[in-house]
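**Student:** Questions regarding the structure given below will be posed in turn.
The values are calculated or read from the model by the stated rules, or taken from the named source; none is laboratory data. Just so you know, these numbers come straight off a predicted model, no measurement behind them. Virtual Cβ from ideal backbone geometry, glycine too; neighbours counted across all protein chains shown. For accessibility, only protein heavy atoms count, side chains too; no ligands or nucleic acids. Shrake-Rupley method; radii C 1.70, N 1.55, O 1.52, S 1.80 Å.
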Amino acid sequence: DAMRLGSEACYVLNVGIGLSALMMRDTAQVHKRRLGRLAYLGTGLKEALGVSPRPFDIELDGQRLRFRATEVSIANSGAVGDPVLRWGAQVALDDGQLDLCVVRARGLLEFLGVIWSALTGQQAHDPKMYVHPICRYAEICAPHPMPVEADGDFIGYTPLRVEVLPAAVRVIVPRGREQPQIHAD
């Protein structure tokens, strides 16, 4: 599957608003080149220290939701930057839908708790995490423009509309492989 933002930009893995977008926007290019993925860790820790939930208005397939969150992600891949960190078992690249993933952590300690839940496979039991399927589209608004990242790149600010594109990407798998291993790095 894939997702379309606006009228033409398409992405495959995720669209993030909140801490992930701040990390993508605020990590210096020189640090990204030198340290790779580790460069985001320092920026993420600094941002997480002062982060607090913000109000969001979201429309999912015609249903309106209002809540406060520190991270809102439209996920197509269950992996969150690393195959070990996952939104949940129900988030899959090939299920014909996307998933709204919400984190309501306040500050660094609660974010570390959410990361622990993801590492131990307890996402469904963590009250700071919420996952809901998206069958057709999601529209996300915030009272003040919030940074947005898609597939690891800073792309702009809210509001945004994301449309589900089921079976949009074809993958060639070698013969004899019954279960292809998909890694969203």
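**Student:** Given the options 92, 105, 167, which has the most mean-square fluctuation in a GNM of the chain, springs set between C-alpha atoms less than 10 angstrom apart?
**Tutor:** Of the options given, 167 has the highest mean-square fluctuation.
**Student:** Please report, as a whole percent, how much of the solvent-accessible surface of the stretch 32-168 comes from carbon and sulfur atoms (probe radius 1.4 Å).
**Tutor:** On the way: 4150 of 7250 Å².
C and S fraction of accessible area: 57 percent.
**Student:** Would you mind pulling out the separation of the Cα centroids of the stretch 142-172 and the stretch 116-138, in Å?
**Tutor:** About 18 Å separates the Cα centre of the stretch 142-172 from the one of the stretch 116-138.
**Student:** Can you compute the helix-only [θ] at 222 nm over the chain? Use -39500 (n - 2.57) per DSSP H run of at least 4 residues, normalise by all residues, nearest 500 deg cm²/dmol. Provide the component values of the computation, followed by the final result.
**Tutor:** Details: 4 runs with 40 residues, N = 185.
Theoretical 222 nm ellipticity from helices: -6500 deg cm²/dmol.
**Student:** When a/c is below 1.5 the answer is rounded, else prolate if a/b is larger than b/c, else oblate, so apply that to the stretch 44-138 with a ≥ b ≥ c taken from the square roots of the Cα gyration tensor eigenvalues.
**Tutor:** Numbers: a/c = 2.08, a/b = 1.22, b/c = 1.72.
Oblate, because a/c is 1.5 or more while a/b does not exceed b/c.
**Student:** Here is a further query. Nothing charged except the Cβ atoms of Lys and Arg (+1) and of Asp and Glu (-1): what's the magnitude of the dipole of the stretch 5-70 about its Cα centre? Round to the nearest 20 debye.
**Tutor:** Details: 10 positive and 6 negative charges, 82 e Å.
That gives the stretch 5-70 a dipole magnitude of about 400 debye.
**Student:** Just to be sure I understand: with springs between alpha-carbon atoms less than 10 Å apart, which residue in 121, 96, 50 has the highest mean-square fluctuation in the Gaussian network model of the chain?
**Tutor:** 50
**Student:** Also, quick follow-up: Using a probe radius of 1.4 Å on heavy atoms only, what accessible surface per residue do you get for the chain? Whole Å² is fine. Kindly include the intermediate steps, with their values, before the conclusion.
**Tutor:** Working: 10570 Å² over 185 residues.
About 57 Å² of surface per residue is accessible.
**Student:** Rounded to the nearest 20 Debye, what is the dipole magnitude of the chain about its Cα centre when Lys and Arg each give +1 and Asp and Glu each give -1 at the C-beta? Before the final figure, lay out each step's value.
**Tutor:** On the way: 20 positive and 21 negative charges, 86 e Å.
For the chain, the charge dipole is close to 420 debye.
**Student:** Which is the longest part of the chain that has none of the trypsin sites (Lys or Arg not before Pro) sitting in a DSSP loop with at most 10 other Cβ atoms within 10 Å?
**Tutor:** Working: sites that count: 170, 175, 177.
That would be 1-169.
**Student:** Take the chain, connect every pair of alpha-carbon atoms lying under 10 Å apart with a spring to form a Gaussian network, then pick out the residue of 67, 154, 56 with the largest mean-square fluctuation.
**Tutor:** Of the options given, 67 has the highest mean-square fluctuation.
**Student:** While we're here: Once P(r) over Cα pairs in 10 Å bins from 0, in percent is worked out from the coordinates, which option in [x] 9, 37, 38, 13, 2, 0; [y] 10, 40, 39, 10, 0; [z] 8, 28, 28, 16, 13, 7, 0 does it equal?
**Tutor:** Recomputing P(r) over Cα pairs in 10 Å bins from 0, in percent here gives the entry labelled [x].
**Student:** Which order do you get for 172, 17 if you rank them by accessible area with a 1.4 Å probe, largest at the top? Please report the intermediate quantities before stating the final value.
**Tutor:** Values: 172 165, 17 0 Å².
Solvent-accessible surface, decreasing: 172, 17.
**Student:** What residue among 88, 5, 157 has its Cα farthest toward the positive end of the dipole of the chain, where the charges are +1 on Lys, Arg and -1 on Asp, Glu, each on the Cβ?
**Tutor:** 157
**Student:** Suppose we flag GluC sites (Glu not before Pro) only when DSSP calls them loop and at most 15 other Cβ atoms lie within 10 Å. Which is the longest uninterrupted stretch of the chain?
**Tutor:** Working: sites that count: 8, 178.
No qualifying site falls inside 9-177, the longest such stretch.
**Student:** Run through every distinct alpha carbon pair of the stretch 9-100 and return the Kirkwood hydrodynamic radius in angstroms, one decimal place.
**Tutor:** Numbers: mean 1/r = 0.0679 Å⁻¹.
The Cα-based Kirkwood calculation yields 14.7 Å.
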